[in-house]
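Below is one structure; the comments refer to it alone.
The values are calculated or read from the model by the stated rules, or taken from the named source; none is laboratory data. Predicted, not measured: the structure shown is a model, and the values here were computed from it. Backbone-built Cβ (ideal geometry, glycine too); neighbour counts: all protein chains shown. Keep in mind that these areas ignore ligands, DNA and RNA; they rest on the heavy atoms of the full protein, side chains included. Shrake-Rupley method; radii C 1.70, N 1.55, O 1.52, S 1.80 Å.
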Amino acid sequence: MSAEIGRRYRVVAGIDLSPSNVAIARRAALEARLREVPLVLVHALRVPPRAVGASRTPSPSPELLISSAQWLESIAEPLRSEPHSLQVSTRVIPGRADDVLIAESLTATLVVVGEDQCGVVAAEVNHRGCSPVLVVRPDPMPLVTTIQLRR
């Protein structure tokens, strides 16, 4: 019950730099339309580790944040212009992909992710996250998806 307190009904899609990022965004948009909820495209921006003796973790440069936000908007814009308009927002969040998506899962109806080369991010989000996870797997074959529901 406590997990429902902060719940916002939305679909969150983890968008990375892989070639399948548009396919992930499109699948997430389909899921958001089916559920009649907004879509949030999230990009986790890797931050360099804190140097030994440094008091703070370094943050990305403003230029990197701006260029990442513009890139993410370029993925979101075609989804906004499709028929049956969909509310689509974007967020660039500094941090590790699994940590960012786990945090986003706290307030999501569904989290849509691609499968990284080792499957680590998808596995971590599914294991530690609070929302169902839809994994979009790119292959030479047609796009295959699996849904993993939390119990």
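The accessible area of ARG80, taken with all protein chains in place and a 1.4 Å probe, comes to roughly 70 Å².
Measure off, as a whole percent, the carbon and sulfur share of the 1.4 Å-probe accessible area of the stretch 17-105, all protein chains present. About 58 percent, which is the carbon plus sulfur part of the accessible surface. Close amide H partners of VAL47, meaning residues 5 or more places away or on another chain with modelled amide H under 5 Å apart, are GLY95.
In this simple spin-label model, placing a label point 7 Å from the Cα along the Cα-to-Cβ direction at both ALA54 and GLN87 gives a separation of 3.7 nm.
The value of relative contact order for the stretch 47-135, using C-alpha pairs under 8 Å at least six residues apart, is 21 percent. Estimated at the nearest 10 Å², the accessible area of THR107 is 20 Å² with a 1.4 Å probe.
Taking amide H atoms as placed 1.01 Å from N in the peptide plane, the amide H of GLU115 lies under 5 Å from those of VAL136, each 5 or more residues away in sequence or on another chain. HIS127 contributes an accessible area of around 130 Å² to the protein surface, as traced by a 1.4 Å probe with all chains present. Annotation: amide H of ALA108 within the under-5 Å range of ARG8, sequence separation 5 or more or interchain, hydrogens built in the peptide plane.
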